[in-house]
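Some notes on the structure that comes next.
Where a number appears in this text, it was derived from the coordinates with a stated rule and is not lab data. Computed from a prediction, not measured in an experiment: that's the story for all the values here. Backbone-built Cβ (ideal geometry, glycine too); neighbour counts: all protein chains shown.
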Amino acid sequence: MKRIDKQHLVESGLVVFDVTAADEETALQVMAALERLWATSGTATLRRTPGAPGIRARVYADTRRSGAAQ
């Protein structure tokens, strides 16, 4: 994954989640739950790293703004 730059964390309330899950379904469920809580970058591209366990994704969120469930 790309490195996290200052722009991603320039203000209080901005966070970056690196999600690692056993399977795609679990990763998608986690990203959907984050979207319901806060404004996020949406469903991220799922990635597999050869030789490493699980599925990975990165989600950017603004915890100051409500998500889809609000």
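See the values below:
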| read-out | value |
| --- | --- |
| Extension reserve of the Asp18-Thr43 stretch, reckoned as 0.36 nm per residue once the Cα distance is removed | 7.8 nm |
| Burial order of peptide ranges 10-20, 53-63 (average beta-carbon count within 10 Å, highest first) | 53-63, 10-20 |
| Net length gained if the chain between Val30 and Ser66 were fully extended (0.36 nm per residue, minus Cα distance) | 11.3 nm |
